[in-house]
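A short worksheet on the structure shown next.
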Amino acid sequence: MEFNIKPVDLTIKDEIISKIDNLTKPKGSLGRLEELALKICLIQHTLNPELREPHNVLFAADHGIIEEGVTVSPKEVTWQQLSHFSKGGAGINFLCDQHGFRLVLVDAGVDYDIPSGHGIIDMKVRRGTRNFLHEGAMTGEEFDLCIERGAKVVEEIHATTGCNVISFGEMGSGNTSPSAMWMHLFTGIELQRCIGAGAGLSSEGVNHKIEVLSRALANYSGKDDDVSKMAWFGGLEMAMALGGMLKAAESGMTIIVDGFIMTSVILAASRLYPAVLEYAVFGHQGDESGHKLMLEHIGVNAILHLDLRLGEGSGAVCAYPILQSALNMINNMDSFQSVNVTKYF
């Protein structure tokens, strides 16, 4: 699937900066809010930006690598939590309710037959990935199908609701392992430094995870290109989120990136379409050990650092009020000229 992701138009950048600098405050005194306002103005190509109909799309799938004991979370937790999300009462539910997000749940590849009638979109490509210690997690065709289905979800949201700001979450026991593999492959950072405790591994468990993923890397027999590596080591929910991010950027939407797993996804997306990063703000630096290193590699700073490691889009949704503050600043603050205050810097 091809995407037409254009770099943001910089022709009004100086006008935006001038507007921000002439608000009734010392230049630069609102710090990151000024940076975020500039970013969103450039994405929307306007001096009067607005955020409409925020959505958090949560993709769920299972992972074959879990067979190797790389997580403390059993596989059935994936479908159990997805069902929980559909009923309300989970972490992402209260955050979406608090901040006005619509939560969209997608079965990308859960190894369970989810009953219909629960509001979960059935996009299942297969019942979990294969074990990438021994073979590719996905075929190329399965990976492509995930991209198409993830893009379709976002396309429908954008077309039917007018949503222009979106975050992505995930649920999948064991998915820090494929994320660590993508991080290593697309940053060049030593694999051991990309691997963390995930859902709560002990130090012994982390060492076992390092050993398993190191063997998986050594066993790779696919082609030497990015897409082949994404399919071999990735997750179905990760590939769908990748397609969703690319469609969101193509549609001119602001993408709020969540934690470690979704950062690995937008890193992978940027290997295919570098301009996708121009549509992204990074909501939260998570507690997974490699996340800070990955953000540094991309060259970005997260808005929040709350030591979250829940996933589900939680860090991205928590960051949303900061984006609202940035837009309230540029849209609602007076300028020096409008209130006849002498510029004092």
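The numbers here are math on the coordinates, done by the rules we state, and not lab data. What you are looking at is a predicted structure, and each value in this text was computed from that prediction instead of being measured. Heads up, the Cβs are rebuilt from the backbone with ideal geometry, glycines too, and the neighbour counts pull from every protein chain shown.
Mean projection of the alpha-carbon convex hull of region 80-204 over all orientations, in nm²?
If I average the Cα hull's projected area over directions, I get 10.0 nm².
Need the full-extension length gain, HIS305 to GLU204, defined as separation in residues times 0.36 nm minus the C-alpha distance. One decimal, nm.
33.7 nm
Quick one: what Rg and Dmax do you get for the chain from the alpha carbons, in Å?
Calculated on Cα positions, Rg and Dmax stand at 20.3, 70 Å.
Treating the beta-carbon of each Lys and Arg as +1 and of each Asp and Glu as -1, no other charges, what is the dipole magnitude of region 55-322 about its Cα centre, to the nearest 20 debye?
160 debye
Determine the percent antiparallel among the DSSP beta bridges restricted to the chain, to the nearest 5.
5 percent
In whole Hz, with x marking every Gly and Pro, tabulate ³J(HN,Hα) for region 139-154 from phi via Karplus 6.51 cos²θ - 1.76 cosθ + 1.60, θ = phi - 60°.
For region 139-154, the Karplus-derived couplings read 7, x, 5, 5, 4, 4, 5, 4, 4, 4, 6, x, 5, 5, 4, 5 Hz, x marking Gly and Pro.
Rank by packing, highest mean first: peptides 54-65, 73-84, with packing defined as the count of other Cβ atoms within 10 Å averaged across residues. Numbers along the way, then the final one.
Details: 54-65: 27.7, 73-84: 18.6.
So the order, starting with the most tightly packed, is 54-65, 73-84.
Compare the peptides 264-270, 329-335 by average per-residue count of other Cβ atoms within 10 angstrom and give them in order, highest first.
264-270, 329-335
Please list, in order along region 129-135, the HN-Hα scalar couplings obtained from phi with the Karplus expression 6.51 cos²θ - 1.76 cosθ + 1.60 (θ = phi - 60°), rounded to whole Hz, x for Gly and Pro.
Values, residue by residue: 7, 6, 7, 6, 5, 10, 7 Hz.
Choose one of SER177, LEU33, THR160: the residue whose Cα lies farthest towards the positive end of the charge dipole of region 32-183 (beta-carbon charges +1 Lys, Arg; -1 Asp, Glu; about the Cα centre).
Going by the charge dipole, the pick is LEU33.
Please list, ordered by chain and number, the residues whose modelled amide H lies under 5 Å from the amide H of HIS284; skip anything fewer than 5 residues away on the same chain.
HN-HN under 5 Å from HIS284: ILE303, LEU304.
Given only helices, namely DSSP H runs of n ≥ 4 each adding -39500 (n - 2.57), what is the per-residue ellipticity at 222 nm of the chain, to the nearest 500 deg cm²/dmol?
Mean residue ellipticity at 222 nm (helix-derived): -15000 deg cm²/dmol.
Sorted from largest down, give the three principal axis spans of the alpha carbons of region 85-141, whole angstrom values.
Cα spread of region 85-141 along its principal axes, largest to smallest: 43, 23, 18 Å.
Highest first, please rank the peptides 40-49, 124-133 by the mean number of other Cβ atoms sitting within 10 Å of their residues.
Details: 40-49: 18.2, 124-133: 21.7.
Those peptides, ordered most packed to least, come out 124-133, 40-49.
Take every Cα pair under 8 Å in region 55-322 that's 6+ residues apart, average their separations, divide by the length, and report that relative contact order as a whole percent. Walk me through the intermediate numbers first.
On the way: 568 pairs, mean separation 68.0, N = 268.
RCO, region 55-322: 25 percent.
I'd like the per residue volume of the convex hull spanned by the Cα atoms of region 1-106, given in cubic angstrom.
Roughly 192 Å³ of hull volume per residue.
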